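Before any comments, here is the structure.
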Amino acid sequence: RRALALSAAGTDRRQLAEARFRMGFALVWADRVEEAVAQLETAVADARRIGDAMAETRATSYRAIALRRCNRVDAALEAGTEALEAARQIDDTYYQGHAHAVMGWASWKRGEHAGAQRLLSKAFDLWGRVDRDGQTAANVEFAWLAAWPLCAIALEHGTPSASAVHLSWLAAQWERPMGDELSRAVEAAQAAPSNETISTALALAIEERLL
């Protein structure tokens, strides 16, 4: 906040835009997501005002994620669509993946399972996959954006074993840390996939605003 205040007091608009983005980004992961949305909305406007396409792409992407974590389905879908367009303008597949994951989550929330699965699978294609110690992992630290809704869709289709496969994306060491209770629930679901174990993990993911 001090850096943001100092930037606001100066005349460097690019520095101010960067400070606002960093504040919004930090708020997303501090679980102060409503504040994050407001901060990132301003960061998007700043980036557009100064004509910084990369800054606009980052800000629109994390605004979409913040809206998703607020469970604002329609707003997240709209923001994800904007984020995808911004990322395409600079040919950035990393942020295109983020946008597809948010749009896929919103489609799932709207009951559009087939469209959701296409968008969520496309997110993994855009992020890319790597082999780590014999395990296939997403080449990104945000695999949870797509993994959790894919897990939920598989359970709704009556296939808890498929749900557990999607949970394997969360094993990468660079993934966003889960709370201890959720980590134990994920381990239990993978060890013995069932409607009960998967449902428990999904419920905790919702509590942590990951789904």
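The values are calculated or read from the model by the stated rules, or taken from the named source; none is laboratory data. Keep in mind it's a predicted model, so treat the numbers as computed, not measured. Here Cβ is always computed from backbone atoms with ideal geometry, including for glycine, and neighbour counts include all displayed protein chains. Note: accessible area is taken over every heavy atom of the protein model, side chains too, but ligands, DNA and RNA are not part of it. Shrake-Rupley method; radii C 1.70, N 1.55, O 1.52, S 1.80 Å.
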Checklist entry - Given the Cα-Cα distance of R184 and E156 and 0.36 nm per residue of separation, how much length would full extension add, in nm? => result 7.9 nm
Checklist entry - Based on DSSP H runs of at least 4 residues, each adding -39500 (n - 2.57), what is the mean residue ellipticity at 222 nm of the chain after dividing by all its residues, to the nearest 500 deg cm²/dmol? => result -23500 deg cm²/dmol
Item to check | Percent accessible area from carbon and sulfur atoms, region 13-143, protein chains only, probe 1.4 Å | outcome: 43 percent
Next on the checklist: Expected output is a single nm value to one decimal: the length gained when fully extending between A45 and W29, i.e. 0.36 nm times separation in residues minus the C-alpha distance. What is it?
Outcome noted: 3.6 nm
Next on the checklist: Once R0 is set to 35 Å, what does the formula 1/(1 + (r/R0)^6) return for the Cβ-Cβ distance between E208 and D74, expressed as a FRET efficiency to the nearest 0.05?
Outcome noted: 0.95
Checklist entry - Which whole-number percent gives the relative contact order of the chain, counting Cα pairs below 8 Å spaced six or more residues apart? => result 12 percent
Next on the checklist: Just to confirm the number: angle between the C-alpha axis of helix 93-109 and the first principal axis of the chain, 0 to 90 degrees, nearest 10?
Outcome noted: 60 degrees
Checklist entry - What does the highest-first list of 66-74, 83-91 look like by mean Cβ count within 10 Å? => result 66-74, 83-91
Checklist outcome for this item: Relative to the chain, whose Cα atoms define the longest principal axis, helix 195-207 and its Cα axis are tilted in degrees, nearest 10, by 10 degrees
Checklist entry - How far, in nm, would the chain grow between E141 and S168 when pulled straight, counting 0.36 nm per residue and subtracting the alpha carbon separation? => result 8.4 nm
Next on the checklist: Please compute the per residue accessible area over the chain with all protein chains in place, 1.4 Å probe, rounded to a whole number of Å².
Outcome noted: 48 Å²
Checklist entry - How far, in degrees from 0 to 90, does helix 33-50 lean away from the longest principal axis of the Cα atoms of the chain, to the nearest 10? => result 50 degrees
Checklist outcome for this item: Using the Cα gyration tensor of region 29-78, the equivalent ellipsoid's semi-axes, largest first and to the nearest Å, work out to 19, 11, 8
Item to check | Charged-residue dipole, Cβ positions (Lys, Arg, Asp, Glu), region 142-211 about Cα centre, Debye nearest 20 | outcome: 160 debye
